[in-house]
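The values are calculated or read from the model by the stated rules, or taken from the named source; none is laboratory data. Everything numeric in this text was worked out from a predicted model, so none of it was measured. Note that we place each Cβ from the backbone using ideal geometry, even for glycine, and neighbour counts take in every protein chain shown.
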Amino acid sequence: MLTQTQQVVKTTGDATALAALGGWFVGVLPIIATLFTVIWFGILITEKFTGKPFNELVRCAWTWIKGLRG
């Protein structure tokens with residue numbers, strides 16, 4: 001993905017996650033919205049700690065799992 005596209009996706013995801021969390025606080029949205037918010041922020045925290053985009057981490061983990069099976 002292009003850097004500009006990545007920024008748009010991250011900004012949109014952040015805003016959506018915060019809106020979902022706020023909706024849960026006021027009782028408008030169900031628990032599933034909160035679950036998606038927790039997953040989104042978990043991805044962001046993982047990216048901050050590792051310094052790598054999440055898709056690279058998933059690709060690396062998948063390669064490692066495939067290596068265990070074969």
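From the set of residues in the range 1-18 that are in contact with a helix residue (DSSP H, G or I) (Cβ under 9 Å, 6 or more places away or on another chain) and of a type in the set (A, V, I, L, M), which is farthest from P53 (Cα to Cα)? Step through it out loud before you land on a result.
Just the residues of the range 1-18 that are in contact with a helix residue (DSSP H, G or I) (Cβ under 9 Å, 6 or more places away or on another chain), to begin with: 1, 10, 13-14, 16-18.
From what is left, the residues that are of a type in the set (A, V, I, L, M) are 1, 17-18.
Details: M1: 11, A17: 18, L18: 21 Å.
Filtering the range 1-18 for residues that are in contact with a helix residue (DSSP H, G or I) (Cβ under 9 Å, 6 or more places away or on another chain) and of a type in the set (A, V, I, L, M), the one farthest from P53 (Cα to Cα) comes out as L18.
Hey, could you check the range 43-59 for residues that are at negative phi and outside any helix (DSSP H, G or I) and say which is surrounded by the most Cβ atoms within 10 Å (Cβ to Cβ)?
Of all residues in the range 43-59, those at negative phi come to 43-50, 52-59.
Checking which are outside any helix (DSSP H, G or I) leaves us with 52-53.
On the way: K52: 12, P53: 14.
Top of the filtered list is P53.
Six or more apart or on different chains, Cβ under 8 Å: which pairs go from a residue in the range 23-43 that's closer than 15 Å to V9 by Cα to one that's surrounded by fewer than 17 Cβ atoms within 10 Å (Cβ to Cβ) and of a type in the set (A, V, I, L, M)? Could you list them?
What qualifies is T37/L18.
Considering only residues that are exposed (fewer than 13 other Cβ atoms within 10 Å of the Cβ) and of a type in the set (A, V, I, L, M, F, W, C), look in the range 27-37 and name the one that is modelled with the highest pLDDT. So that I can check it myself, show each step before the final result.
Kept after step one, since they are exposed (fewer than 13 other Cβ atoms within 10 Å of the Cβ), are these residues of the range 27-37: 27-28, 30-32, 35.
Cutting the leftovers down to of a type in the set (A, V, I, L, M, F, W, C) gives us 28, 31-32, 35.
Details: V28: 70, I31: 75, I32: 75, L35: 81.
Per the criteria, the residue is L35.
Being over 12 Å from the mean Cα position of the chain (by Cα), of a type in the set (F, W, Y), surrounded by 13 or more Cβ atoms within 10 Å (Cβ to Cβ) and assigned to a helix (DSSP H, G or I) is true for just one of W62, W40, W24. Which residue is that?
Numbers: W62 fails: surrounded by 13 or more Cβ atoms within 10 Å (Cβ to Cβ); W40 fails: over 12 Å from the mean Cα position of the chain (by Cα).
Only one candidate passes the filter, namely W24.
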